[in-house]
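Asks: So that we are looking at the same thing, I have put the structure below in structure tokens.
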Amino acid sequence: MFVYAVTILLAAFLLFQVQPLIGKMILPWFGGASAVWSTCMLFFQAALLGGYLYAHWLHERLRPRLQVLLHTALLALSLLVLPLAPDASWKGTGLENPEWRILGLLATVVGLPYFLLSTTSPLIQAWVVRAHGATPYRLYALSNLGSMLGLLTYPAVFEPRLAVRTQSLVWSGGYLVFALLCGLAAWLSVRGNRVEQRWEATDPPPEAPGWGLRLLWAALAACASTLLLAITAYLTQDVAAIPFLWVLPLSVYLLSFIVCFEAPRLYERRVWLPLLGVALFLMGRMLAPEGPEYKVPRTVLTATAALLVCSMVCHGEVVRSRPHPRYLTGFYLMIALGGALGGVTVGLLAPNLFRGYYELPVGLVACGLLALVALARERRPWRARSLEWAGWGAAAVLLGAYAVWLGHSMQDSLKGVRVAERNFYGQLRVKDVDEGDGMGIRRKLLHGVINHGEQILRSDFRARPLTYYCADSGIGRVLRATEKGPPRRIGVVGLGCGTLAAYGRPGDVVRFYEINPLVPRLAQTEFSFLRDSGARTEIVLGDGRLMLEREPDQHFDVLAMDAFSGDSVPVHLLTRQAFGTYLRHLKPEGVLAVNISNKYLDLKPVVERAAAAFGKVALMVEYEEDEEELECFGSSWALVMERGTWEKLRPALSGAELIAPRPGFRTWTDDFSSMFGILK
């Protein structure tokens, strides 16, 4: 059993290690957009489902020795793609839709190894049953433990210490060990198949699960997967843009698998079903606009606890109804199918069907409904069932009322919102707010908790740049200091509502780079900075770095980078190679301004090291917001320039300080970066 257990643990560990590794490899080629990550996750979910389908087919259709021969041959074939090294020919032009190119790259580089890793848990469990007759479901808990270890150790252990190429070599070495162990496990399993022969000889054979039960397994797994992704989006976008916050709900989700499969007795309906009612009520209160306004820690704790309860109910009911081990590959196939359906629902369907994050309330209602369905399937004496009908009826009425309540809450959440649009990059809202400061209505562009710019609608204030871009901010001081003289060329990565166009004079050109196609439309129709600007404004749609790489030198006087205010910092925009691209587009006396305002990340050493790599100085311009401030947010702008340019601008940048090198801090490159090193 030791060989089987270690193989399953290692396979799950490698699965969760290779996902961020391969994503990090291709990030500079296709941009740091959420669509790139969504495409990667779609591939991994499809490969996982394919692996479970292959394991089911292999177990059901082929004799034991043929299973072993085919699987070991595939393991040997997969070694030919090692070490993992994507070919640069897959790199796109940046102008086309990259999804199919990304899928092709992933299939070529990591497809077969990932596919075989995903087959390991169900296939080896089937082999354990065949060879030893042991109940193998605890091995699924071990698989999820390996997944959790891979999830936690990549950002904490491997990423901060190893370059991507070194990580690839280490992972490839681990995969070689896995292939040898898996081959050994396969051949050990054919030493005897007495248990399977005994099942075939029994009369009657073990009862096969019906399609109703199979669909329930898939639905329960899909519900848990949907809630995982929906609650993660809710926490990271609507509650707090905290780095690594996504790790917490995923860890809780995996923990529910471990508990339910390792110790099924810990799932007691009389405990967890009442807790489910409490969890659904608390989540409903938090989602309601009139609900309590908890502080961030309490909101995170409540949502995570609710996810744990819902996942325990979904996975607990799955385990309660697990079939005879003879049918375990089909059982795991339906779980994988449900997980993939949850991912498709949140990643593909919801952004195209919903204006808001409605998949969260839908998932909450579905969880309650599926719990009732699971209870209704229990076979009880007629008298006991008749007594339960009243309880089920009451529960159904309460669940219906809960669904209506959540529906009204979702409608109320959009009250006062002029525009709410959603795509793969998230939800954007335009909202008019009167803050009672005597300046009238402010129109704001919001992405979750992140403010992407605002404008005062009064005609005498409409042209004033606000928030992180006000006149006293770092970028404001640079643009005011350079306004006298010949016409300027100003580049801006990140459009927002177009605030920086307010600094444009007649003869200037302000060229924006924006990856989200919704943003230009909202900036042009809901705000007036672009059309009121004295400068000629241009908008280039696409990832800023990729577009700049492919353009001829733009000879910018000022290039502003404004894409680092959220929790998911686009690392590919902060590497030494990226800064080389930016500086190529600057005039010799030009200024690169980087908005590094962030509550949780200290990006100063990243910018300082990148600037030093090209012999530039990096200055820090901080603006501290006071309570009576009406126009400016507190902001931190890093300014990169030649030392001579600094001397020239020193009077206008009084108070700016050189960013001191941090001892031992490693320069970020396309081959190395670590978020742990910059946490505040």
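Asks: Could you sort 300-307, 143-150 so that the peptide with the highest average Cβ count within 10 Å comes first and the rest follow in order?
Replies: 143-150, 300-307
Asks: Over the chain, what is the relative contact order in whole percent, taking alpha-carbon pairs under 8 Å and six or more residues apart?
Replies: 13 percent
Asks: Using θ = phi - 60° and the Karplus relation 6.51 cos²θ - 1.76 cosθ + 1.60, list the HN-Hα couplings for the range 312-329 in order, rounded to whole Hz, with x at every Gly or Pro.
Replies: 5, 5, 4, 6, x, 5, 4, 5, 4, 9, 4, x, 4, x, 4, 10, 5, 5
Asks: For helix 138-153, what angle does its Cα long axis make with the longest principal axis of the chain, in degrees from 0 to 90 and rounded to 10?
Replies: Roughly 10 degrees, rounded to the nearest 10.
Asks: Starting from the Cα of Asp460, step 7 Å along the direction of its Cβ; do the same at Ala401; then give the gap between the two resulting points in nm.
Replies: Label-label distance for Asp460 and Ala401, simple model: 5.4 nm.
Asks: Once Rh for the range 1-193 is found with the Kirkwood sum over Cα pairs, what is the Stokes-Einstein diffusion coefficient at 20 °C and 1.002 mPa s, in µm²/s?
Replies: 124 µm²/s
Asks: Amide H to amide H, which residues 5 or more places from Val510 or on other chains are under 5 Å from it, using H placed in the peptide plane?
Replies: Residues meeting the criterion, in which the H sits 1.01 Å from N, are Ile490, Arg536, Thr537, Glu538.
Asks: May I pose another question? Extending each Cα 7 Å along its Cβ direction at Leu74 and Ala156, get the distance between those two points in nm, one decimal.
Replies: So the two model labels end up 3.3 nm from each other.
Asks: So, one more: When averaged across all projection directions, what area in nm² does the alpha-carbon convex hull of the range 463-678 cover?
Replies: 11.8 nm²
Asks: Compute the helix-to-body angle for 359-376: its Cα long axis versus the longest principal axis of the chain, expressed 0 to 90° and rounded to tens.
Replies: Helix 359-376 sits at roughly 10 degrees to that axis.
Asks: Still on this structure, please answer the following. Which chymotrypsin sites (Phe, Trp or Tyr not before Pro) from the range 614-680 combine a DSSP loop assignment with at most 15 other Cβ atoms within 10 Å?
Replies: Those that pass, being in a loop and sparsely packed, are Phe614, Phe665.
Asks: Regarding the range 287-344, what are the three Cα extents along the principal axes, ordered largest first, in Å?
Replies: 51, 24, 18
Asks: Normalising by the residue count of the range 463-678, find the relative contact order in percent from Cα pairs under 8 Å and 6+ residues apart.
Replies: 22 percent
Asks: I want to check a number: in the chain, how many lysine pairs have alpha carbons closer than 23 Å, given a sequence separation of 8 or more or different chains?
Replies: Number of lysine pairs found: 21.
Asks: Right, next: Quickly estimate the mean residue ellipticity at 222 nm for the chain, helices only: each DSSP H run with n ≥ 4 gives -39500 (n - 2.57), and the total goes over all residues, rounded to 500.
Replies: Value at 222 nm, helices only, nearest 500: -17500 deg cm²/dmol.
Asks: If you place +1 on the Cβ of every Lys and Arg, -1 on the Cβ of every Asp and Glu, and leave all else neutral, what size is the dipole of the range 235-383 about its Cα centre, to the nearest 20 Debye?
Replies: Computed about the Cα centre, the dipole is about 680 debye.
Asks: Let me ask something else about it. Of the trypsin sites (Lys or Arg not before Pro) in the range 387-485, which ones lie in a loop per DSSP and count no more than 10 other C-beta atoms within 10 Å?
Replies: Lys415, Lys484
Asks: While we're on this one: What is the gain in length, in nm to one decimal, between Arg265 and Leu82 on full extension, counting 0.36 nm per residue of separation less the C-alpha to C-alpha distance?
Replies: Result for the pair: 61.6 nm of gain on full extension.
Asks: Also, quick follow-up: Are there GluC sites (Glu not before Pro) in the range 617-668 that DSSP marks as loop and that have at most 15 other Cβ atoms within 10 Å, and which are they?
Replies: Here the sparse-neighbourhood loop sites are Glu624, Glu625, Glu627, Glu628, Glu629.
Asks: Give me the angle, in degrees from 0 to 90, between the Cα long axis of helix 247-262 and the longest principal axis of the Cα atoms of the chain, rounded to the nearest 10.
Replies: Roughly 0 degrees, rounded to the nearest 10.
Asks: Next up: Explain nothing, just the number: relative contact order of the range 209-414, from Cα pairs under 8 Å at least 6 residues apart, as a whole percent.
Replies: 37 percent
Asks: If neighbour count is taken as other Cβ atoms inside 10 Å, put Met283, Met410 in order from fewest to most.
Replies: By the 10 Å Cβ count, ascending: Met410, Met283.
Asks: Here's something else I'd like to know. For Ser409, what charge total do you get from the other residues with a beta carbon under 15 Å from its beta carbon, if Lys and Arg give +1 and Asp and Glu give -1?
Replies: Net charge in that neighbourhood comes out at -2.
Asks: Counting DSSP beta bridges with both partners in the range 463-678, what percentage is antiparallel, nearest 5?
Replies: Percentage antiparallel, nearest 5: 40.
Asks: Among bridges DSSP assigns within the chain, what percent are antiparallel (round to 5)?
Replies: Beta bridges within the chain, antiparallel portion: roughly 60 percent.
Asks: Here's something else I'd like to know. Between Leu215 and Glu99, how many nm apart are label points set 7 Å from Cα along the C-beta direction?
Replies: Using points 7 Å along Cα→Cβ, the separation is 2.8 nm.
Asks: Moving on. Considering the Cα positions of the range 268-399, please state its Rg to one decimal place and its Dmax as a whole number of Å.
Replies: Here Rg and the maximum Cα pair distance are 17.0, 52 Å.
Only the coordinates and a few stated rules stand behind these numbers; no lab work does. Just so we're clear, the structure is a prediction, and the values are computed from it rather than from any experiment. Cβ coordinates were reconstructed from backbone atoms using ideal geometry, including for glycine residues, and neighbour counts include every protein chain displayed.
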